[in-house]
Amino acid sequence: MQAWQISSFGIDSLQFAERPTSEPGPGQVRVKIGAVSFNYRDLMMIKGLYNPKLHLPRIPCSDGAGEVEAVGEGVTRWKTGDRVAGIFMQNWLDGPLTPVKAKGALGGDIDGMLAEQVVLHENGLVEMPRHLSFEEAATLPCAAVTAWNALAAGDVKPGSTVLIQGTGGVSIFALQFARLKGARVLGISGSAEKLERAISLGLDAGLNYRDHPEWDRWAVDETGGDGVDLIVEVGGQGTLARSLRAIRMGGTLAQVGVLSRSEEPLAVPTILHKQARIHGIYVGSRKDFADMNKAIALTRMRPVGASYHWDQAREVLKRMESASHFGKLVLTVG
Ligand SMILES: NC(=O)c1ccc[n+]([C@@H]2O[C@H](COP(=O)([O-])OP(=O)(O)OC[C@H]3O[C@@H](n4cnc5c(N)ncnc54)[C@H](OP(=O)(O)O)[C@@H]3O)[C@@H](O)[C@H]2O)c1
């Protein structure tokens, strides 16, 4: 079977490799992968920025969906033909995260999904929402579960105000989930065209952060001077100070991303004066994924993104690097 693998770091070094087809052992299943989606983490992993000590060669990507094609001895959760998606951390099934559960992330600790077939423990999969294609379901394991948990951290209710940053994978899922919960959603983006697209998906108001870097003031004005209830913080160091200024007293920053840097010191007094809650998010468990899938199935929600051909992995990564995408970037496998 074919896979893309990291043999040395860099997008242009990502290469096709021929790997043997493995038979699933006891408790394992083999999945014929239909589609894989990319996350910013995969880009960093491939460039050697996520873990410079990554064990190579390594098949990248945490997110894929496909069909069970073989089951090992003793497997009870799946049968051939089931349509499944992998869970990000193969050992985090339920409950709070622990150091043991945090081991076994796909496309990092172990080989990932950018392959025609993968063999995983039967516990490391969830059933896909039935109305979704493989391309759509492949977008869910990292970005969607992260956005789902970011919204949960903010206890978002109808009438809450949520702010999203940018229009990448996590942020567009956060927009969709926030709308499902009846929240008002503000968004910032570096592109007027992408803001228009986000508005067509339900964004209530948007601001271009390149033209208006003081987006924190805008967000406060948009909420009648109070500040927003929740920010799904993907910017990291470069946006944290403004995010703290943009939330209301007692508001929440769901700290998700690391997209930008800043020399500005962390505004510690603002955290306490505002009684701000900073809640770190690290994807989520299998239970979170399954709960989210129920909501997606019930509301027939459809992920947003663009699909590319199996041999276009490097082009897709370059699109992500240049932030020219909207929502998710997906490869159809095979
Ligand atoms: N903690 C977790 O479990 C977890 C899970 C998933 C992702 N993440 C992290 O979350 C971040 C986003 O991941 P992703 O996969 O959604 O990335 P992505 O699809 O590549 O989206 C990134 C988008 O963010 C926007 N952006 C870039 N710099 C920005 C800035 N300084 N301020 C505001 N927006 C900015 C751009 O959108 P515009 O062009 O519209 O501005 C860009 O397209 C990454 O840092 C990733 O590592 C963390």
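FYI, it's all coordinate maths here, none of it is from the lab. As the structure is a prediction and not an experimental result, all values here were calculated from the model. All Cβ positions, glycine included, derive from the backbone under ideal geometry; neighbour counts span all protein chains shown.
Hull volume per residue, based on the alpha-carbon atoms of the chain and their convex hull, is 130 Å³. So which of K53/K294; K181/K274; K101/K328; K53/K194; K53/K287; K53/K157 end up more than 32 Å apart, counting from Cα to Cα? Flagged as over cut-off: K53/K294; K53/K194; K53/K157. Taking each residue as 0.36 nm, the span from E67 to L272 lengthens on full extension beyond its C-alpha to C-alpha distance by 68.9 nm.
For region 1-46, the Kirkwood hydrodynamic radius from C-alpha pairs, put into Stokes-Einstein at 10 °C and a viscosity of 1.306 mPa s, yields a diffusion coefficient of 125 µm² per second.
Rounded to whole Å, the principal axis extents of the Cα atoms in region 266-334 read 53, 34, 19, largest first. Residue exposure proxy: M249, M1, ordered by other Cβ atoms within 10 angstrom of their Cβ from fewest to most, comes out as M249, M1.
What the Cβ-Cβ distance of R302 and N123 gives, at R0 = 35 Å and to the nearest 0.05, is a FRET efficiency of 0.80. The relative contact order of the chain comes to 19 percent, based on Cα pairs under 8 Å that sit 6 or more residues apart. At an R0 of 30 angstrom, the distance between the Cβ atoms of S324 and M249 translates into a FRET efficiency of 0.20.
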